[in-house]
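Asks: I have a structure here, written as structure tokens, and I will follow up with some questions on it.
The values are calculated or read from the model by the stated rules, or taken from the named source; none is laboratory data. Predicted model, so just to flag it, every value in this text is computed and none were measured. Quick reminder, even Gly has a Cβ in these numbers, built from the backbone with ideal geometry, and neighbours come from all protein chains shown.
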Amino acid sequence: MTPPAKIPPATLAKLAKLGIRHRADLLLHLPLRYEDETHLAPIATAEPGQTVQVQGVITHAEVTFRPRRTLICRLQDAGGELYLRFLNFYPSQQKQLAVDKQIRAVGEVRMGYYGLEMVHPKCRAVDDETPLQTSLTPVYPTTAGLPQATLRKLIANALEVVPAPELLPDSVRQSLQLAGFPESLRLLHNPTPDIAANVLQDRSHAAWRRIKFDELLAQQLSMRVHHRERGKRRAFALPARGELARALLASLPFALTGAQQKVLDEISRDLARPHPMQRLLLGDVGSGKTIVAALAALQAIENGQQVAFMAPTEILAEQHYLKLTDWLAPLGITPVWLSGSLKKKDKQLAANKLASGETLLAIGTHALFQEQVSFRQLGLAIVDEQHKFGVQQRLALHGKGREAAPQQPAEPHQLMMSATPIPRTLAMSYYADLDVSVIDALPPGRTPIVTKLVNDARREEVISRVRAACVGGQQAYWVCPLIDESETLQLQNALETFQTLAETFPELRVGLVHGKMSSAEKAAAMSAFKAGELQLLVATTVIEVGVDVPNASLMVIDHAERMGLAQLHQLRGRVGRGAAHSLCILLYQQDRLSELARARLKVIFENNDGFAIAQHDLQLRGPGELLGARQSGVAILRFADIDADEDLLEDARRIADELLRDLPDAAQAYLQRWMAHKHDYLHA
Ligand code: ADP
Ligand code: MG
């Protein structure tokens, strides 16, 4: 065995940037792609866009200085010629690329000023005897100042000195028809000549499948282990007594649906345990999550524990505050309101009530998380629209329950709610550490929302439609275009839209709500709309989540092509909350319609079901974006693709259970190999 090569500190620092901290990490630093240097392409056959290897003689070389210092060489083979261009070059390169030298160059061909060219190709001096590579050349993910050659050498050395034993029992390997681990690793770093480039490139080769399986298995194991460890942590047991719940239910104009009852039972059972609940309550827009949350809160309150109920926007938090006050005040429970925009004095007052334990229920925005606010005994934290919160905020809340009684650390139970349904594969991988409850049916009496795509050229018709609806006693939303670039522009646009629409509809009472209004102004506009005093509400996407005005049955979304799928689905969910037939009009600008925007509009037009929409979203955008804040600080899968590799994910899930049960040492070794250096925010 070769002794491990000593790695200079500068290189170590660069490796650390790539997440490589131990020699063993080098083994799993797998190629991004492969270059084919096994044959030469005649220059005459090279086409723009192709990456090829060519060989020829330099027939001309010069350095030009305009527009900037550039080395340009002409390379000629038997049938053609192309130019090699270098913007940054060393004297040694210039020497290598002198006239009459024979050169082999690999790079992407493109059409340049003088004709076909390669910019910064990989070049080497050759003679007629220089053999071609016999197998594909791996290209690794790297960082500035760390050449491929260095990485290759380090990895080759690691392959020799670091043991990479097979961790999967033979029986499992055979039953899943998986390739061996050490062989797979070797093959991917040093592909043999018989392997076709495309199966390596598209990662369908058996060796890739094995690596992807292992990655997924490690992820599953880590989630399971965390899940199990949660069972060892302490929380206050909050058994259901049911009196308050019965009183609330008796006062409602509706009965819980079967789906709501089922998830409530799941939550209730968790709360009764002396271990922290971490449950995600998923339910499509309008499925009735708020009442479930209120009932969960009551279970904690009955046990003398405090509850924090948080929403991502002030409008939504305020709406919850009003609704819960309405529901719970008759039971003798008055929530305290807590938001960032409260006056200092009022904030202090609210904070005092929570610190003393005088108030058991706090509702508000993320101001609830802030340092000043402490609870006497936080038993349950409810986070609405969880996907809108950052991981850091979850962490801050997590610490709250402990402050009160440090001698007896007990954590609050956590209920997270989301209407952004998580596709099954995503739930199986990234959310596997959470328990998930799903409200899978909408309350009865809803009529499905009709969605229409309307070209902006037909704006006048839409305006007539809005007029007719409002005059007829319905209420409508007009959602302003989303302007990402600047808040000022967004504001200006909302004001202009409001002005125009107010002038267009002199006979209607038109209101406006946008993100830059004070919370009192926002609240005033929302409650006027809710009370029916306003017929048309012009709004920015601040109304995206949670807003509930059942009489509103028409929504116009201006410049719908700018919005994301989840956003469109959420916005649309603001209507269709009552018995009236609801209509959502998506106005789009034909000339601004990108391929992706077109695809999104098609999905939203064709689907009403949030899960189906999320599945499409996953395909259009990939998991990284769909996960939003959750993924920050968390390593996303490097090799596997949860959508394309769903079958592997299923297997990994099953095998994770088997390993943990039968072969805990192997499970541990897996975690060590794949997860040892990942700091895990995920499970906070
Ligand atoms: P979301 O799941 O989107 O948060 P909400 O909790 O805002 O939904 O509920 C949407 C509407 O449905 C509210 O007006 C709520 O009062 C009503 N609702 C909730 N549960 C039921 C039910 N079982 N029957 C009838 N209406 C219900
Ligand atoms: Mg809601």
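Asks: I'm trying to understand the selection: among the residues of the stretch 1-47, which are surrounded by 14 or more Cβ atoms within 10 Å (Cβ to Cβ) and outside any loop (DSSP other than H, G, I, E, B)?
Replies: Listed by number, the residues that qualify are 11, 14, 15, 23, 24, 25, 26, 27, 33, 34, 35, 43.
Asks: Turning to a different aspect of this structure: Looking at (1) surrounded by 14 or more Cβ atoms within 10 Å (Cβ to Cβ); (2) not in a helix (DSSP H, G or I), which is the one condition that is false for residue 130?
Replies: Going through the list (1) surrounded by 14 or more Cβ atoms within 10 Å (Cβ to Cβ); (2) not in a helix (DSSP H, G or I), residue 130 breaks only (1).
Asks: Still on this structure: Select from the stretch 260-297 the residues that are outside any strand (DSSP E or B), more than 16 Å from ligand 2 (Cβ to nearest atom) and polar (S, T, N, Q) and list them in ascending order.
Replies: Result: 261, 268.
Asks: Looking for something surrounded by 15 or more Cβ atoms within 10 Å (Cβ to Cβ), among the hydroxyl-bearing types (Ser, Thr, Tyr), within 34 Å of the chain's Cα centre (by Cα) and not in a loop (DSSP other than H, G, I, E, B) - is there at least one such residue anywhere in the stretch 173-196?
Replies: yes
Asks: Could you please tell me which pairs satisfy a Cβ distance under 8 Å, a separation of 6+ or placement on different chains, a first residue in the stretch 250-270 that is within 11 Å of ligand 1 (Cβ to nearest atom), and a second residue that is in a helix (DSSP H, G or I) and of a type in the set (Phe, Trp, Tyr)?
Replies: What qualifies is 252/327.
Asks: Right, something else. Could you identify the single residue in 437, 464 that is farther than 18 Å from residue 551 by Cβ, among the polar types (S, T, N, Q) and within 16 Å of ligand 1 (Cβ to nearest atom)?
Replies: 437
Asks: Let me ask something else. Just for the stretch 298-317: of the residues that are away from ligand 2 (no atom under 14 Å from the Cβ) and part of a helix (DSSP H, G or I), which one is surrounded by the fewest Cβ atoms within 10 Å (Cβ to Cβ)?
Replies: That would be 302.
Asks: Answer yes or no as to whether residue 169 is surrounded by 14 or more Cβ atoms within 10 Å (Cβ to Cβ), farther than 23 Å from residue 637 by Cα and more than 25 Å from the chain's Cα centre (by Cα).
Replies: yes
Asks: Can you confirm whether residue 106 is touching a strand residue (DSSP E or B) at 6+ places or on another chain (Cβ under 8 Å), touching a residue at least 24 places away in the same chain (Cβ under 8 Å) and part of a strand (DSSP E or B)?
Replies: Considered against the rule, which asks whether it is touching a strand residue (DSSP E or B) at 6+ places or on another chain (Cβ under 8 Å), touching a residue at least 24 places away in the same chain (Cβ under 8 Å) and part of a strand (DSSP E or B), residue 106 comes out as yes.
Asks: Let me ask another. What about residue 207, is it more than 30 Å from residue 124 (Cα to Cα) and assigned to a loop (DSSP other than H, G, I, E, B)?
Replies: no
Asks: I'd like the full set of residues that are out of contact with any helix residue (DSSP H, G or I) (no Cβ under 8 Å at 6 or more places or on another chain) and either within 15 Å of ligand 1 (Cβ to nearest atom) or assigned by TED's automatic domain parsing to the domain that holds residue 384 (or both), limited to the stretch 533-550.
Replies: Correct list: 550 only.
Asks: Residue by residue through the stretch 48-82, note down the ones that are over 49 Å from the mean Cα position of the chain (by Cα) and loosely packed, with under 11 Cβ neighbours inside 10 Å.
Replies: Within the stretch 48-82, 62, 78, 79 qualify.
Asks: Name, by its number, the condition in (1) under 19 Å from the mean Cα position of the chain (by Cα); (2) over 21 Å from residue 445 (Cα atoms) that does not hold for residue 569.
Replies: (2)
Asks: Let me ask something else. Out of 506, 443, report the one residue that is under 23 Å from residue 604 (Cβ atoms) and either away from ligand 1 (no atom under 16 Å from the Cβ) or touching a Ser or Thr at 6+ places or on another chain (Cβ under 8 Å) (or both).
Replies: 443
Asks: I'm told residue 17 meets every condition in (1) in contact (Cβ under 8 Å) with a residue 60 or more places away in the chain; (2) over 39 Å from the mean Cα position of the chain (by Cα) except one. Can you identify the failing condition by its number?
Replies: (2)
Asks: In the stretch 215-241, what residues are under 20 Å from residue 306 (Cα atoms) and at pLDDT 90 or above?
Replies: 234, 235, 236, 237, 238, 239, 240, 241
Asks: Hey, could you check the stretch 35-45 for residues that are at pLDDT below 90 and of a type outside the set (Val, Ile, Thr) and say which is nearest to residue 138 (Cα to Cα)?
Replies: Ranking the candidates gives 35 first.
Asks: Say we look at the stretch 544-565 and pick out the residues that are surrounded by 22 or more Cβ atoms within 10 Å (Cβ to Cβ) and within 21 Å of the chain's Cα centre (by Cα); which of these is nearest to residue 489 (Cα to Cα)?
Replies: 563
Asks: Go through the stretch 109-127 and give me each residue that's in a loop (DSSP other than H, G, I, E, B), free of Cβ contacts under 8 Å to residues at least 40 places away in the same chain and surrounded by 13 or more Cβ atoms within 10 Å (Cβ to Cβ).
Replies: Matches in the stretch 109-127: 112, 120, 121.
Asks: Separate question: Quick one: residue 238 ticks every box in (1) surrounded by fewer than 22 Cβ atoms within 10 Å (Cβ to Cβ); (2) more than 12 Å from ligand 1 (Cβ to nearest atom); (3) not in a helix (DSSP H, G or I) bar one, so which box is it?
Replies: Among (1) surrounded by fewer than 22 Cβ atoms within 10 Å (Cβ to Cβ); (2) more than 12 Å from ligand 1 (Cβ to nearest atom); (3) not in a helix (DSSP H, G or I), residue 238 violates only (1).
Asks: While we're here: For residue 135, are the conditions met, namely being in contact (Cβ under 8 Å) with a residue 12 or more places away in the chain and among the polar types (S, T, N, Q)?
Replies: yes
Asks: Now a separate question. Just to verify a result, which residue in the stretch 305-328, among those that are over 23 Å from residue 370 (Cβ atoms) and at pLDDT below 95, is farthest from ligand 1 (Cβ to nearest atom)?
Replies: 326
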